[in-house]
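Trainee: I am attaching a structure below and will ask some questions about it afterwards.
The values are calculated or read from the model by the stated rules, or taken from the named source; none is laboratory data. As the structure is a prediction and not an experimental result, all values here were calculated from the model. Because the Cβ atoms are built from the backbone with ideal geometry, glycine has one as well, and the counts that use them run over all protein chains shown. Accessible surface is based on the protein model in full, side chains and every heavy atom, while ligands, DNA and RNA are left aside. Shrake-Rupley method; radii C 1.70, N 1.55, O 1.52, S 1.80 Å.
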Amino acid sequence: MDTFDYIIVGAGSAGCVLANRLSEDPNVTVCVLEAGGRDWHPYIHIPAGFIKTYAQKSVNWCYDMEPSEWTGGRRIFAPRGKTLGGSSSINGHVYNRGQRADYDTWAQFGNRGWSYADVLPYFQRIETRIGGGDPRFAGQSGPFKVTYSPWAHPLCDAFMDGCEQEGIPRNPDYNGETQEGVSYTQRAINRGVRMSSAKAFLHPVTGRKNLTVRTRAHATNLTFDGKRCTGVAYLRGGRRGAAQSIRARREVILAGGTFNTPQLMMLSGIGPADQLQGQGIAIRHELNGVGENLRDHYAPRLACRVKNAETINERVNGPKLAVEVGRWMLGKPSILAIPATVVYAFWHSGETADRSDLQLTFTPATYREGVQGELEREPGFTVAVWQQRPESRGTVRLKSADPFDAPVINPNYLDVEIDRRVLLAGMKLARRLMHTEPMKPYVLREDVPGDAVQSDDDLMGVARKRGTTTFHPMGTSKMGAASDPMAVVDDQLRVHGLEGLRIVDASIMPTMLSANLNAACLMIGDKGADMIRGREAPQAAIDILDAAE
């Protein structure tokens with residue numbers, strides 16, 4: 001049996017950072033197990049390829065979530081990356097850290113070392129911001145390149161002008177001093193190519209002799225000696241692949257993500273007793289929070305038909321697409337190198353307290369039935385809106401004791417009334433922004449919700465019918481003190497009650513961030529690596545934050 005000092009399960013956003021940082025020490029050995037294959041597919045690296053990888057099973061788990069009341073009984077598709085880089089290899093490229101108060105809330109819950117002052121130096125260390133950004137907050141020399149798109153569009157500019165008329169100011173850096181405002185999105189794209197976690201952190205160090213990366217290695221179980229996790233059992237090459245096991249001298253680190261990490265825990269007998277017994281799995285360690293606290297951003301997408309401007313819809317076929325390909329190959333602005341969302345706005349619903357609680361997106365394109373998988377042909381634009389910090393919580397459960405069965409994912413969207421109130425206010429704001437004076441020359445008609453939809457009940461009916469995930473699941477192995485019955489890891493990311501086992505991915509987030517999650521996952525990977533190595537954290541940037549108050 002092969003033995004390594006550290007075993008990392010999952011080569012996603014956090015896992016690739018862990019592999020890089022842990023293998024910096026030449027005196028330790030590191031093995032990464034990734035259930036998917038290599039990230040060779042060209043659609044991964046061409047930014048517009050996210051439309052193709054959206055439902056491509058060779059690089060995507062392609063999960064479906066359980067139907068619920070507020071999804072109108074629909075099963076919502078939940079793509080997750082299944083390749084080196086994980087979801088950072090198939091996502092929409094948007095880079096967003098979240099608000100200062102998000103992380104301060106984590107610390108206020110008793111998670112030492114997780115305030116914004118503590119995590120900001122990690123954000124700065126992982127990134128290089130190219131083309132702009134507040135130098136007090138942006139990173140200058142990290143491996144992960146974050147850029148500002150040179151691609152502009154008259155509809156985007158008109159939307160931002162309209163936001164300003166509605167009181168939403170321009171903000172040149174939503175990852176800087178404050179998030180509130182409207183701007184073009186910052187993107188994980190550099191020189192026309194996707195910047196994934198694998199590209200930034202894993203591929204540059206695969207030549208290290210102390211780092212082993214095994215792809216198509218589907219973890220099936222964690223192995224133990226008493227309460228100490230000693231290794232991982234896996235199948236290489238699929239269900240009928242060769243059964244193998246490896247041992248960890250020091251630690252096993254789970255970085256499989258919000259759905260797969262709790263699934264592997266429960267398959268290994270760690271989790272709520274009733275869930276394990278219901279699947280005939282022997283209880284190794286009862287831990288009630290495993291698979292609980294699931295949260296995600298739920299977004300209806302509103303749409304208008306367009307006149308007097310060409311949109312992305314018309315540029316994805318025939319000669320026009322050939323022109324865009326040519327521009328991309330020459331390094332010129334092209335639709336092939338833009339993120340899934342082109343403009344971001346962050347603002348207030350009026351339903352909660354002082355800080356912004358709504359996130360709105362604008363893209364000069366429309367999608368079939370509002371789902372980002374297939375562009376429509378007729379000119380149009382989309383405004384999506386979601387509540388930034390939902391209170392509704394769902395679960396991840398086992399379908400069976402078979403590790404190849406997909407987990408049962410119940411997001412429980414909009415279960416809490418405040419979530420419905422905030423979303424309704426957001427839909428009304430999005431609708432106003434679609435019809436501002438600067439937008440009037442371009443709006444042919446409102447398709448969704450449409451003129452017939454006017455009442456609050458009718459608007460929430462649209463949310464039931466058209467709402468979908470924004471691909472930001474988190475929280476199913478949440479961080480918290482041992483006194484919290486739902487906490488799974490402590491503030492050092494060690495699993496409560498066990499030894500030699502940590503979790504380092506989005507599942508440890510105790511509350512939802514006001515953001516897309518990829519940037520935070522990179523930060524968690526970097527911070528987690530320092531914790532594992534026993535290294536002192538970078539100096540907290542208190543002086544910067546005091547000046548920004």
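Trainee: Name the residue that is surrounded by the most Cβ atoms within 10 Å (Cβ to Cβ), counting only residues in region 167-185 that are touching a helix residue (DSSP H, G or I) at 6+ places or on another chain (Cβ under 9 Å) and within 19 Å of P364 (Cβ to Cβ). Reasoning before the result, please.
Mentor: Our first condition is that a residue be touching a helix residue (DSSP H, G or I) at 6+ places or on another chain (Cβ under 9 Å); within region 167-185, this holds for 168-170, 175-179, 181-184.
Subset that is within 19 Å of P364 (Cβ to Cβ): 168, 170, 182-184.
Details: I168: 21, R170: 11, V182: 25, S183: 19, Y184: 23.
Of everything passing the filter in region 167-185, V182 is surrounded by the most Cβ atoms within 10 Å (Cβ to Cβ).
Trainee: P121 - would you say it is open to solvent by less than 20 Å² (accessible area, probe 1.4 Å) and more than 19 Å from the chain's Cα centre (by Cα)? If you could, list the steps in order and put the result at the bottom.
Mentor: Values: open to solvent by less than 20 Å² (accessible area, probe 1.4 Å): yes; more than 19 Å from the chain's Cα centre (by Cα): yes.
Judged against the criteria, P121 is a match.
Trainee: Exactly one condition in (1) open to solvent by 40 Å² or more (accessible area, probe 1.4 Å); (2) more than 21 Å from L517 (Cβ to Cβ); (3) touching a residue at least 24 places away in the same chain (Cβ under 8 Å); (4) of a type outside the set (G, A, S) is not met by R368; state its number.
Mentor: Going through the list (1) open to solvent by 40 Å² or more (accessible area, probe 1.4 Å); (2) more than 21 Å from L517 (Cβ to Cβ); (3) touching a residue at least 24 places away in the same chain (Cβ under 8 Å); (4) of a type outside the set (G, A, S), R368 breaks only (3).
Trainee: Hey, among the residues in region 447-476 that are surrounded by 15 or more Cβ atoms within 10 Å (Cβ to Cβ), of a type in the set (A, V, I, L, M) and over 30 Å from P510 (Cβ atoms), which one's nearest to the chain's Cα centre (by Cα)? Steps first, please.
Mentor: Pass one, region 447-476, residues surrounded by 15 or more Cβ atoms within 10 Å (Cβ to Cβ): 447-449, 453, 459-460, 462-476.
Next, from what is left, pick out any that are of a type in the set (A, V, I, L, M): 448, 453, 459-460, 462-463, 474.
Now drop any that are not over 30 Å from P510 (Cβ atoms), which leaves 448, 453, 459, 462.
Numbers: V448: 26, V453: 32, L459: 27, V462: 25 Å.
Checked region 447-476; the qualifying residue nearest to the chain's Cα centre (by Cα) is V462.
Trainee: If we only count helices (runs of 4 or more DSSP H) wholly inside region 1-83, which ones have 3 or more residues that are open to solvent by less than 40 Å² (accessible area, probe 1.4 Å), under 15 Å from K199 (Cβ atoms) and touching a Gly at 6+ places or on another chain (Cβ under 9 Å)?
Mentor: Numbers: elements: 13-22, 42-45, 50-53.
Result: 13-22.
Trainee: Can you name the strands (runs of 3 or more DSSP E) wholly within region 195-280 that have at least 1 residues being aromatic (F, W, Y), open to solvent by less than 20 Å² (accessible area, probe 1.4 Å) and at pLDDT 95 or above? Before the answer, list the steps.
Mentor: Values: elements: 211-214, 217-225, 228-236, 242-254.
Result: 228-236.
Trainee: Return the residues of region 136-166 that are open to solvent by less than 10 Å² (accessible area, probe 1.4 Å) and in a loop (DSSP other than H, G, I, E, B); say none if nothing qualifies.
Mentor: Matches in region 136-166: F137, A138, G139, G142.
Trainee: If C304 satisfies all but one of (1) open to solvent by less than 10 Å² (accessible area, probe 1.4 Å); (2) in contact (Cβ under 8 Å) with a residue 24 or more places away in the chain; (3) over 26 Å from V443 (Cα atoms), what's the number of the condition it fails?
Mentor: (3) is the only condition that C304 fails.
Trainee: What pairs can you find where one residue is in region 241-252 and within 8 Å of T230 (Cα to Cα), the other is open to solvent by 90 Å² or more (accessible area, probe 1.4 Å), and their Cβ atoms are less than 7 Å apart, with a gap of 6+ or different chains?
Mentor: Qualifying pairs under 7 Å: R247/M1.
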